[in-house]
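Data block below; observations after.
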Number of protein chains: 2
Amino acid sequence: MIKNLAALENGTVTVSGWVDTVRDQKKVQFVVLRDESGAVQLVNPRTTDADGVVVADEPASTISALSQGSFVTVTGELKHDERVKLGGIEIKLASMELVTVAIPETPIAADSSLDKRMDWRFLDLRQPKQNLIFRIQTTFEHALRTYWVEHDFVELHTPKLMASASESRAELFEVEYFETKAYLAQSPQFFKQMAQSAGFGKVFEVGPAFRADPSFTSRHATEFTSVDAEISWIDSHEDVMQLHEELLVAGFAAVKAKHGDEVLALFGVEVTVPSQPFPRIPLAEAKEIVKNRGYEVPRDDDDMDPEGERQIAAYVAETYGHEFVFLTDYAASIRPFYHMRPEGDASVTNSYDLIFNGTEISTGAQREHRIDVLVEQAREKGLDPEELGGYLDFFRYGVPTHGGFGMGLARVLMLMLHQTSIREVTFLFRGPSRLEP
Amino acid sequence: MIKNLAALENGTVTVSGWVDTVRDQKKVQFVVLRDESGAVQLVNPRTTDADGVVVADEPASTISALSQGSFVTVTGELKHDERVKLGGIEIKLASMELVTVAIPETPIAADSSLDKRMDWRFLDLRQPKQNLIFRIQTTFEHALRTYWVEHDFVELHTPKLMASASESRAELFEVEYFETKAYLAQSPQFFKQMAQSAGFGKVFEVGPAFRADPSFTSRHATEFTSVDAEISWIDSHEDVMQLHEELLVAGFAAVKAKHGDEVLALFGVEVTVPSQPFPRIPLAEAKEIVKNRGYEVPRDDDDMDPEGERQIAAYVAETYGHEFVFLTDYAASIRPFYHMRPEGDASVTNSYDLIFNGTEISTGAQREHRIDVLVEQAREKGLDPEELGGYLDFFRYGVPTHGGFGMGLARVLMLMLHQTSIREVTFLFRGPSRLEP
């Protein structure tokens, strides 16, 4: 790999990659060769005959005809030379083998629109910035999973095909399933709770979730990677928040350690490992704070809106110097029936949203585990307990106190890298009008 | 957690779990309490009044009414006593708090059919054996991912919603997608190859795959967890096989180290870490070997059949003492158009199936990266290159030599634990007639 060249002594090397740029000058040819780990300059002084005329020998002819994006394997003499801007090394070419020749005209350029770049995502992803995003994602996820495994969590692969709706009948994709219909899971919620009743204790899953959401915002996708955890024997949503912040600290610390310098160089962003505990503000109080800053949330229900989230994040940044804030105790009126409500106050729930740099990335809660209360809350929301079917069985046959969260992976990456759309940080985005490539 | 009790000194402890069994005797009550980590005996000597008559005090009354599966939190005196069969400890109860009371009648018993147990999977999963399966799965996957991360692989989350078929139009689930149709991905094949053209180098994914396969065998599901890897710059499928066996060694070694004793105790199976290299036998030779053992594969094409796979596995076990065998060089006639064929022999492919304990768990191959050869092979298979659309663009704009494999996670677990069906090792099985729970 190219990143390993700098540590080698001068001598013969063989490397493979794709052609980034070619400068075909009269006396010398330069090629910048790239692989997933970096870039290196190849140099080929032209041969001249006795009369000083340039000879069309190899690899000179191959280089002259080289199109950007072609994949090649080259052999040559590695030379350390601090005058070379690109990493202080270059390779004087002996031979070049063409593996695949790319079409010379590239359909996208640096200034292409995001939509155009998505049409040609496999070329777009060749950029070092785009490549780095997915290395960061890999590191982040592995840090979370390592935390989970070290803390005795069980990894789940819950089904994405369901016989009925998981939470609501809205925004559900319908699948032709032999003689019947199936639906794509909107979240693993139902199954994570089942694992609690099954005595799994602590579970996690990183997998796809599907929402037939026709909106075109920069934060929504019809298919996204959901990061989920659920734990038994909690006292309240506070236990879930503690788990959540420990995971994020582990994830951000790993990203900073492995990619901090690159993120600064390519994105101009300093990765900050958040300090614990993250600030916690009850939603009602947050709305007061926002109001005092001159912003009245224009909603009839008790919910926050995106601008309100940005305002409270600005307040938290100014007051606590923190990029994260838990907004807690959401009103029962805007939370699902299975969120637990605290003893003696049925108007709020043991729940939270986690805001990162002004945008919601996650919802968590303690779940109601008492069958009678659960049925009552479902009825209050206009749901027929009969329709909840097997879900209620978990509670009838015993379940511990429990809670958990679901978090959008792309949102975390978008906000970590100060990107304006999850499209930039999703390998292949899926939206109402995009199913390709 | 219960597993931590044995290391504690005698004294007051609080533990939570579900009720496994109750023995409500005249003078003393015993409860076996279970959590995800183990089981412990609770003991409660009955109180008698001055006349020697048993008093209905607490927690005695609660225990008498206790239904199996109820979740409770108890406090009492931990006592080490080697006469206690269950781990040499017991807890003399001081108090018991009921968290959720289970319905007394459990719908499944030890001798229930697999189908009935699947109906009540969350109760079925409370068995220590079932719980262990998913702890093994967690350990196995984490070992694979750790190998990948340490070797600079990038983790992918490829879309499961596609505009068109990935490999064939058969066995494809159709999704209502706003004004159009989408299809569920049968494998991440297409996207893994795209990542090669994008210069990602080495990639992996563990995620769901979907096949509208109407068959009811013990090895097939309509939704399953696929373990996939793809790597650039290979010389042949030999490089893929080497990666594959290194991963399996890492996975099996981790499972043996962490769960070997439990697997032996609960499944009667000695986990064996396979030795490297795994035996490799070209398919044509394997068919000869099987024939010499007296089994003629009853197929008109060049493929192996399940009985043939068992026969060759028996041969390998006898000859090499190995549970794994790579069958290599499958005939081009039975492999997809994108499998590369070796120089000078268009009749076979640079491909393999991996057989574990007599059953296929994986298919791997070097992919054809030369656009002209690829188009030719597609035509030969009766495919219209026009219909392959964007897939061919990867090759037109440059791609390195590459290859990879896809492996069924449940099959590995089934065969590792000598189970007869993937239903036993899948959290929630999905088949032609099963979408619930």
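What to note about this one:
- Residues of region A:206-236 buried by at least 50 Å² of accessible area upon assembly of all protein chains, compared with the chain on its own (1.4 Å probe): A:Glu223, A:Trp233.
- Taking 27 Å as the limit for the C-alpha separation, the pairs B:Lys92/B:Lys116; B:Lys26/B:Lys79; B:Lys27/B:Lys79; A:Lys192/B:Lys79; B:Lys3/B:Lys92 exceed it in the case of B:Lys92/B:Lys116; A:Lys192/B:Lys79.
- Mean-position separation - Cα centroids, region A:250-278 and region A:165-233, in angstrom: 29
- Averaged over the residues of B:306-318, the number of partner chain Cβ atoms lying within 10 Å of the residue Cβ comes to 0.
- Solvent-accessible area, 1.4 Å probe, carbon plus sulfur percent, for chain B: 49
- Centre separation in Å (Cα based) which lies between region A:38-117 and region B:413-437: 52
- Pseudo-label separations to other copies for A:Val373 - Cα-to-Cβ vector, 7 Å, nm: 6.6
- Label point 7 Å beyond Cα along the C-beta direction, distances from A:Val55 to other copies (nm, shortest first): 11.1
- Positive minus negative residues near A:Asp57 (Lys, Arg vs Asp, Glu; Cβ under 13 Å): -1
- Take A:Ser67, move 7 Å from Cα toward the beta carbon, and the resulting point lies 7.1 nm from the same point in each other copy, nearest first.
- Gaussian network model of chain B, Cα within-10 Å springs - most flexible of B:Gln419, B:Gln276, B:Gln186: B:Gln276
- If you take all other residues with their beta carbon under 12 Å from the beta carbon of A:Gln377, and give Lys and Arg +1 and Asp and Glu -1, the sum is +2.
- 10 Å Cβ neighbours from other chains, averaged over peptide A:144-152: 3
- Residue of chain B nearest the B-to-A rotation axis [by Cβ], rounded angstrom distance: B:Val175, 3
- Pairing chains B and A buries close to 8100 square angstrom of accessible surface in total, based on protein heavy atoms and a 1.4 angstrom probe.
- Accessible surface for A:Arg367 stands near 10 Å², nearest 10, in the context of the full protein assembly shown (1.4 Å probe).
- For chain B, the solvent-accessible area of protein heavy atoms averages 40 Å² per residue (probe radius 1.4 Å; ligands and nucleic acids excluded).
- Percent RCO, i.e. relative contact order, over chain B, from Cα pairs under 8 Å lying at least 6 residues apart: 13
The values are calculated or read from the model by the stated rules, or taken from the named source; none is laboratory data. The structure presented is a predicted model; accordingly, all values stated were derived computationally and were not measured. Neighbour counts run over all protein chains shown; Cβ positions are idealised from the backbone, glycine included. Just the protein is used for accessible areas: all its heavy atoms, side chains included, with ligands, DNA and RNA removed. Shrake-Rupley method; radii C 1.70, N 1.55, O 1.52, S 1.80 Å.
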